[in-house]
Each structure stands twice: as structure tokens, then as C-alpha cells.
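Colleague: One structure, as C-alpha cells, below. Some questions next.
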Amino acid sequence: MCRLEKSRVVADYEAGRDEEGCGSEGIMGLRFPSSAVEKSRGSSVMIQRSRMKVWMIRATTTVLLWTCVVQLTALGEMLGPRVLKGWPPCFNRPSDSPMVVAEAVTVSLAAPKIVPPPKRIYKNNGYLMVSCNGGLNQMRAAICDMVAIARYLNVTLIVPELDKTSFWADPSEFKDIFDVDHFITSLRDEVRILKELPPRLKRRAELGMVYSMPPISWSNMSYYLNQILPLIKKYKIVHLNKTDARLANNGLPIEIQRLRCRVNYSALRFTSVIEELGRRVIRMLRQNGPFMVIHLRYEMDMLAFSGCTHGCTDEEAEELTRMRYAYPWWKEKVIDSDLKRKEGQCPLTPEETALILRAMDVDPNVRVYIAAGEIYGGERRMASLSSSYPNLVRKETLLEHSELMLFQNHSSQMAALDYLVSLESDIFVPTYDGNMAKVVEGHRRYLGFRKTILLDRKPLVELIDQYNNGSLNWDEFSSSVKAVHVNRLGNPMRRVVIPDRPKEEDYFYANPNECFPSSDQPWTTA
């Protein structure tokens, strides 16, 4: 229709031009008689109107066609490829074309979309800010406690602030170690968590208009309900400036205990960078079969803090003592190293560790990963362990320097990498019962009671001294070491409860009984 109308307009125009004698001269700008000019103007108006109609028809038709195409494409995506059968190739690619195959592979490899839990609706009693103290695993346990407390008090938790003033001076923020969005979203059916205070309250906090205090250690929920909640309601914001061991091991509601586990084993996921590097290290270790992780807690800070100097030179002992006095928050200054060692309160030395593993008949060819910082005394102190277990590696020997550059001077991120490897090892051996040893032990129990050799240092030190002075031969020493650890391999065991002495109880995060399916576990009593 459009072509027909256009041809008629052109014909009329050409006919009118011929009748008036307006040839090429008129077109080139020669002067015409007035009657010819008027007729020419009338013809021009008609031509312009006709052209306008043509363009309007074209534009309307194009819009309608494009709308139809968009609608049909969307309909095809919703209802499947059969809707578009019979369409031209630009709408219906062959199913075996490389592009379709690539898209199918991408879809099949994509992780399933995780639907977040519905938000819990509750009357907000106020806001809880927390500043964690200590190393990674001390802070990890504290974060779990603070989530449970916020849930119990029906308050809004602000993403915890991590310690930057401890011995390690790690500047890492929460988001540098943990997946903060996953942390917030995965717990939204329990408690509301925000990355920062709302603007009005944030301004108050910046001006110091916040009630700040350290809660009492090992407190139960009645303390937080009766002492902390009234403060939150009064001041709107309460800042807990210390969080380690502020919640009791025992005597808490079962739902609170299980929430602590949920936070620890599900919500606190490391960042994708740390997780991917951890998986890479694990793959490298698994290439040669089973592997063992030794958490060798023999770094300078540990020895200075504990006062344990067994095997150190006089100069090293003096250096460790000076360091202990340099940190005022390390309260114990005068320490009898020999007495403390005999009481089992010192980490095993690398030499003692090698001796114990040999006595337990650990295969000397097994790949051994050392989860630790810089060992005090360096290669001199590691010589015995390296000689007994030559397949000994560290993250620094497995990974390129460029891969670890992001973690340099970030001890908590380094510890997170060691945590992941320790979790997946076939055998985990901590030489000291610090926070990492305890939290990894509990996590391995939660994952199915994976083998963890929990060294009993007090009898071990006595056996080692007897072997070294000749009182025991090798066979006697080996059989005694094995006998001590028959029930210390991470097997199911009830947590020890000592009323009114929480520090001497079994730590909740080392053995969270309430989180295990108790019906089918052969529980024993420690």
C-alpha cells in the first residue's frame, strides 16, 4: 500500500510539472510566471503531506513489529524453545550450534540459586555493637556468642568489629575474612544484622554517645536479659568492647546452643578468595594421598606469653622474657618454665612432637602440613621433625609468593587458610590447646568425628623425660604413649561440666554436644 501511494504522488508531481512547462530551468532557480508559481506551491504542499503520511505509516509499522518481536522472544524464554519453532534462524538457533551448547554447559555448571530464609519479624529493642578481641578463632567463637545474645534479646546486631590492636596488629575488617553478605542473609530468620548503624544513630556513635562496657565472662542468658537488655532499652545502643568467653559453656537453652553452631558452621563462611586458595592447597596435598596437619603452636608470641622456654638458648629465653614485659596486658610476668612444662601447660616443642608421632607409628612417608606462623628458632628447631617426616610442607612452600602477597601482614587471613586445610586433613594434631586447636577440634567433630589426636601433654612430658634419661626403652615408651591416647582421637564424648568453675570445663566450641545427632552416637564420658 505504501509503495502504491508513493508512486501516485510522484506521478502527479511529474504530471503537474510537465503541464506547467517547469523543466530543468525552473528547477535550477529561473524566475517563473505567478500562476506557475502558485501551482508549483500547491504541488509542493501535497508532496510534503504525502511524504509525512508515508513516514508516519512506516514508523508506526516498525514500532508494532518490534513490539511483537520483543513479546514473542520473552514468551519463548518463558515457555521453552518449542514456541519459536518455524521462526527464521535468527530467532531459533539449531540446538547443536556451538552457542547453544556453550549456554547449556554454563547453565549446568552454575551453582543452584540459594533462596534466603524469610526475615524474622520482631520488635527491635535496640542495637548491639561489639568489638572482638584476640586472634581469628577467639573472635570467631565470640561472633557466634554475640549473634546468640542478639537473638535472645531481640535486638539488631551490627556486623562485629575485629581486633586490630592485638599482638598481630592485623588491619583486616570482617568483610576481608568472612563473606559478610552471606553472614547477614543466612541468619535473617533469627536476627537482624546490619553493616552499620542507621544514619541518625551512627552520628550519635561517632560523637561517643554510646554506652560501652565489657560483659562479665562465662555469663548465662539471665545476665544478658536482666543486666544488658535494660541498658540497651535505655541508651538505644550498647557497645560490648570485649567478647571472648562472655557466654557460658553450659546451662543455656538448647535453641541458643544450636544457634551458636549454626553461626559457626554455616553462617561464618570465609571470603571466596580464601576459600578458593584453601581448596587449591588441599588439592595439592591430596595428590599424594592422605595428609596430616600439625598445628605447631611454637611461635614467638606463644612462647613469650606462656613463659615456656624448654629447648631455647639463654639468649632466646631472655628475648622472650623481654617481650612478655613489653606487653602490659599479658598479666603473668614471672614464670617458672620447667614447672609449667611438667604441669602440661606448655606447647610441645618440635622435637617432642616428632618423638610422639613416631611413638604413635605415624607413617614417616605421610605428607605433613604445618599450620602455624614462623617457628621460633627456625630450621634449627625444625630439624628433628623434618628428619622424621621429610614430606613436610607449609603454605609458603606450596604456594607462589604472588599468591600469598594479599595475605602478607594479615595474620587472621593466614590463619583462615590454615583453618580450612586443618578441617579437611585426614589427621589433625594440635600441640597446644589454644583457640584454633579447640575450634577446629569441634568443627571436625561436627563434620563426623574426624580423627583428631588430642595430645595429653602432662603425662607425655613425663614419658618423654623418662625415655630421654633411659628409664624407658623405645617399645615401653611407644606403648605408653598409645595407651594415653586411646580415647583422645576426636571420638564422641560428653562435654565435661564443672559447676561454678567454667574455665575448667570442656569448651563448648571444642565439643558442641547439643549440635550432634545424639540418638545414634556411642557417647562416652570424659
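Colleague: Going by what's in this entry, would Arg358 be described as within 23 Å of Leu489 (Cα to Cα), at pLDDT 95 or above, crowded, with 22+ Cβ neighbours inside 10 Å and more than 34 Å from the chain's Cα centre (by Cα)?
Modeller: On the way: within 23 Å of Leu489 (Cα to Cα): yes; at pLDDT 95 or above: yes; crowded, with 22+ Cβ neighbours inside 10 Å: no; more than 34 Å from the chain's Cα centre (by Cα): yes.
Against the criterion (within 23 Å of Leu489 (Cα to Cα), at pLDDT 95 or above, crowded, with 22+ Cβ neighbours inside 10 Å and more than 34 Å from the chain's Cα centre (by Cα)), Arg358 does not qualify.
Colleague: So, one more: Please go through region 211-240 and pick out each residue that is open to solvent by 30 Å² or more (accessible area, probe 1.4 Å), under 29 Å from the mean Cα position of the chain (by Cα) and either modelled with pLDDT under 95 or closer than 18 Å to Phe508 by Cβ (or both).
Modeller: Ile216, Ser217, Trp218, Asn220
Colleague: Tally the residues that are under 36 Å from the mean Cα position of the chain (by Cα) and aliphatic (A, V, I, L, M), restricting the search to region 335-349. It would help to see each step written out before you state the result.
Modeller: Our first condition is that a residue be under 36 Å from the mean Cα position of the chain (by Cα); within region 335-349, this holds for 344-349.
After this cut, where a residue has to be aliphatic (A, V, I, L, M) as well, the list is 348.
Of the residues in region 335-349, 1 are under 36 Å from the mean Cα position of the chain (by Cα) and aliphatic (A, V, I, L, M).
Colleague: Confirm whether Arg394 is open to solvent by less than 60 Å² (accessible area, probe 1.4 Å), of a type in the set (Lys, Arg) and in contact (Cβ under 8 Å) with a residue 60 or more places away in the chain. Spell out how you get there, then give the answer.
Modeller: On the way: open to solvent by less than 60 Å² (accessible area, probe 1.4 Å): yes; of a type in the set (Lys, Arg): yes; in contact (Cβ under 8 Å) with a residue 60 or more places away in the chain: no.
Judged against the criteria, Arg394 is not a match.
Colleague: In this structure, does Gly251 turn out to be in contact with a helix residue (DSSP H, G or I) (Cβ under 9 Å, 6 or more places away or on another chain) and open to solvent by 50 Å² or more (accessible area, probe 1.4 Å)?
Modeller: Numbers: in contact with a helix residue (DSSP H, G or I) (Cβ under 9 Å, 6 or more places away or on another chain): yes; open to solvent by 50 Å² or more (accessible area, probe 1.4 Å): yes.
Yes.
Colleague: Does Asn250 satisfy the criteria of being over 17 Å from Ala141 (Cα atoms) and of a type in the set (S, T, N, Q)? Can you show your working first?
Modeller: Working: over 17 Å from Ala141 (Cα atoms): no; of a type in the set (S, T, N, Q): yes.
The answer is no for Asn250.
Colleague: Residue check: is Gly434 modelled with pLDDT under 95, small (Gly, Ala, Ser) and open to solvent by less than 40 Å² (accessible area, probe 1.4 Å)?
Modeller: Details: modelled with pLDDT under 95: yes; small (Gly, Ala, Ser): yes; open to solvent by less than 40 Å² (accessible area, probe 1.4 Å): yes.
Yes.
Colleague: Identify, by number, the condition in (1) touching a Lys or Arg at 6+ places or on another chain (Cβ under 7 Å); (2) open to solvent by 60 Å² or more (accessible area, probe 1.4 Å); (3) not polar (S, T, N, Q) that Cys346 doesn't meet.
Modeller: (2)
Colleague: Exactly one of (1) open to solvent by less than 40 Å² (accessible area, probe 1.4 Å); (2) under 14 Å from Lys119 (Cα atoms) is unmet by Ile143. Its number?
Modeller: Evaluating Ile143 over (1) open to solvent by less than 40 Å² (accessible area, probe 1.4 Å); (2) under 14 Å from Lys119 (Cα atoms) leaves (2) as the failure.
Colleague: Here's a follow-up. Which of the numbered conditions does Lys331 fail, given that it passes all the others? Conditions: (1) part of a loop (DSSP other than H, G, I, E, B); (2) under 34 Å from the mean Cα position of the chain (by Cα); (3) within 28 Å of Val486 (Cα to Cα); (4) of a type outside the set (Asp, Glu).
Modeller: That leaves (3) as the condition not met.
Colleague: Mind telling me which of the residues Tyr265, Tyr327 ends up being out of contact with any Ser or Thr (no Cβ under 6 Å at 6 or more places or on another chain), more than 30 Å from Leu463 (Cα to Cα) and modelled with pLDDT under 95? Full working, then the answer.
Modeller: Numbers: Tyr265 fails: modelled with pLDDT under 95.
After applying the criteria, what remains is Tyr327.
The values are calculated or read from the model by the stated rules, or taken from the named source; none is laboratory data. Since the structure is predicted, the reported quantities are computational estimates derived from the model, not experimental observations. Because the Cβ atoms are built from the backbone with ideal geometry, glycine has one as well, and the counts that use them run over all protein chains shown. The accessibility values were calculated without ligands, DNA or RNA, using every heavy atom of the protein model including side chains. Shrake-Rupley method; radii C 1.70, N 1.55, O 1.52, S 1.80 Å.
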